[in-house]
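Each remark here refers to the structure printed beneath this line.
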């Protein structure tokens with residue numbers, strides 16, 4: 001198939017959406033599909049308020065319309081709810097093209113954490129956006145149930161994978177001179193990640209934070225005893241995962257948490273709250289400890305066998321996840337070429 005993927009989240013951003021799309025695109029290419037991307041790199045952009053790493057494309061409709069019509073896709077997938085996603089949705093609805101969407105991020109909760117906008121307002125908007133699609137792809141069954149309860153239609157599961165060749169057990173470097181154990185968080189340093197729930201814990205050993213974000217300057221001052229390592233490329237993260245005795249995931253709002261799988265692939269057990277994401281990835285597997293008392297979860301995770309954790313991670317693959325994605329695409333009849341040039 002000729003597959004058009006439209007996303008407002010793209011490189012140089014480093015996050016789960018970009019990682020998922022990059023790996024899925026690579027797998028789809030291996031399956032023999034032709035994949036074309038529409039990303040913010042093609043447009044004039046401005047930084048998203050309170051989240052400057054995200055770039056919002058300015059007045060993209062005409063260019064998006066030209067790109068879709070020129071490519072004449074068999075299937076259109078809209079990955080995000082930003083300006084590019086809105087433009088692609090508008091074009092598809094005007095021209096009778098079916099499309100799929102994905103629910104990667106709990107934006108209502110993210111917005112609420114920043115400006116206290118009532119969840120029912122933002123969820124009403126999100127529901128309207130996604131319910132026009134033929135399939136809304138979600139990463140876990142917990143998220144599927146939540147969205148169905150909120151009135152979303154046509155929910156389909158699209159899981160995630162992990163590169164088990166990049167993220168592997170191996171030599172565990174000593175990150176600092178303190179005595180073990182070492183508790184490590186890797187991810188964005190932002191309010192929606194609930195990172196202070198981890199930093200406030202009275203734990204033995206040392207705490208490490210790997211990543212960047214708007215809260216970093218404040219947290220460095222507030223928690224001088226914590227090691228803040230900064231940002232590292234993906235291929236260097238494995239040494240931090242391996243060095244950790246426990247990977248701590250304090251988020252209450254992530255829809256999946258790719259970092260969970262990356263840590264587990266390195267043999268590192270997870271400590272997290274029993275919420276969507278950790279419940280789906282870790283719950284019932286024995287690869288981590290989930291508890292509303294995060295300190296208790298951290299201490300329980302210290303006793304988990306690292307070989308078992310790795311075996312659980314090996315059950316996830318990007319190839320399997322991408323086959324799921326492929327199965328949900330809704331091919332359009334060969335009409336896109338006929339409407340090329342008929343741009344509003």
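The values are calculated or read from the model by the stated rules, or taken from the named source; none is laboratory data. Owing to the predicted nature of the structure, the values given are computational and were not obtained by experimental measurement. Backbone-built Cβ (ideal geometry, glycine too); neighbour counts: all protein chains shown.
Check segment 215-232 and report whether any residue there is in contact with a strand residue (DSSP E or B) (Cβ under 7 Å, 6 or more places away or on another chain), touching a residue at least 24 places away in the same chain (Cβ under 8 Å) and under 23 Å from residue 277 (Cα atoms). The answer is no, given that none of the residues of segment 215-232 is in contact with a strand residue (DSSP E or B) (Cβ under 7 Å, 6 or more places away or on another chain), touching a residue at least 24 places away in the same chain (Cβ under 8 Å) and under 23 Å from residue 277 (Cα atoms).
Residue by residue, here is whether (1) without any contact (Cβ under 8 Å) to a residue 60 or more places away in the chain; (2) part of a loop (DSSP other than H, G, I, E, B); (3) closer than 23 Å to residue 20 by Cβ; (4) touching a helix residue (DSSP H, G or I) at 6+ places or on another chain (Cβ under 6 Å) holds:
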residue: 235; (1), (2), (3), (4): no, no, yes, no
residue: 263; (1), (2), (3), (4): no, no, yes, yes
residue: 279; (1), (2), (3), (4): no, no, yes, yes
residue: 298; (1), (2), (3), (4): no, no, no, no
residue: 310; (1), (2), (3), (4): no, no, yes, no
residue: 316; (1), (2), (3), (4): no, yes, yes, yes
residue: 320; (1), (2), (3), (4): no, no, yes, no
residue: 326; (1), (2), (3), (4): no, no, yes, no
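Would you mind stating whether residue 168 is crowded, with 20+ Cβ neighbours inside 10 Å, closer than 30 Å to residue 233 by Cα and not assigned by TED's automatic domain parsing to the domain that holds residue 267? No, not satisfied.
Restricted to segment 54-80, and to residues there that are within 18 Å of the chain's Cα centre (by Cα) and in contact (Cβ under 8 Å) with a residue 60 or more places away in the chain, the residue that is nearest to residue 99 (Cα to Cα) is 77. Looking at 232, 273, 228, just one residue is surrounded by fewer than 21 Cβ atoms within 10 Å (Cβ to Cβ), modelled with pLDDT under 95 and under 26 Å from residue 206 (Cβ atoms), and that residue is 232.
Looking only at segment 95-151, residues that are touching a strand residue (DSSP E or B) at 6+ places or on another chain (Cβ under 7 Å), closer than 12 Å to residue 255 by Cβ and in a helix (DSSP H, G or I) come to 3 in all. When we screen 330, 323, 306 for residues that are over 22 Å from the mean Cα position of the chain (by Cα) and within 25 Å of residue 135 (Cα to Cα), the only hit is 330. Taking the listed residues 105, 101, the one that is in the same structural domain as residue 32 (by TED's automatic domain parsing), under 28 Å from residue 215 (Cα atoms) and surrounded by 18 or more Cβ atoms within 10 Å (Cβ to Cβ) is 105, with no other qualifying. Taking residues in segment 132-147 that are outside the structural domain of residue 278 (by TED's automatic domain parsing), and partners anywhere that are in a helix (DSSP H, G or I) and surrounded by fewer than 18 Cβ atoms within 10 Å (Cβ to Cβ), the pairs with Cβ atoms closer than 6 Å and at least 6 places apart or on different chains are 142/279.
Residues that are part of a loop (DSSP other than H, G, I, E, B), touching a helix residue (DSSP H, G or I) at 6+ places or on another chain (Cβ under 6 Å), closer than 30 Å to residue 128 by Cα and free of Cβ contacts under 8 Å to residues at least 60 places away in the same chain within segment 152-204 comprise just one, 152. Can residue 84 be described as in contact with a strand residue (DSSP E or B) (Cβ under 6 Å, 6 or more places away or on another chain) and not in a helix (DSSP H, G or I)? No; evaluated as a whole, the condition is false for this residue.
Summed over segment 45-65, residues that are assigned to a loop (DSSP other than H, G, I, E, B) and either over 28 Å from residue 192 (Cβ atoms) or out of contact with any strand residue (DSSP E or B) (no Cβ under 7 Å at 6 or more places or on another chain) (or both) total 4. It is to be established whether one or more residues within segment 119-142 are at pLDDT below 90 and over 18 Å from residue 190 (Cα atoms). Checked segment 119-142: at least one residue is at pLDDT below 90 and over 18 Å from residue 190 (Cα atoms). Taking the residues in segment 176-202 that are touching a strand residue (DSSP E or B) at 6+ places or on another chain (Cβ under 6 Å) and surrounded by fewer than 19 Cβ atoms within 10 Å (Cβ to Cβ) as candidates, determine which candidate is nearest to residue 243 (Cα to Cα). Among those that are touching a strand residue (DSSP E or B) at 6+ places or on another chain (Cβ under 6 Å) and surrounded by fewer than 19 Cβ atoms within 10 Å (Cβ to Cβ), it is 176.
Residue 244 falls short on exactly one of the conditions (1) more than 15 Å from residue 195 (Cα to Cα); (2) surrounded by fewer than 20 Cβ atoms within 10 Å (Cβ to Cβ), and that condition is (2). Return the total of residues in segment 26-57 being modelled with pLDDT of 95 or more, more than 18 Å from residue 11 (Cβ to Cβ) and surrounded by fewer than 17 Cβ atoms within 10 Å (Cβ to Cβ). Residues flagged as modelled with pLDDT of 95 or more, more than 18 Å from residue 11 (Cβ to Cβ) and surrounded by fewer than 17 Cβ atoms within 10 Å (Cβ to Cβ) within segment 26-57 amount to 4.
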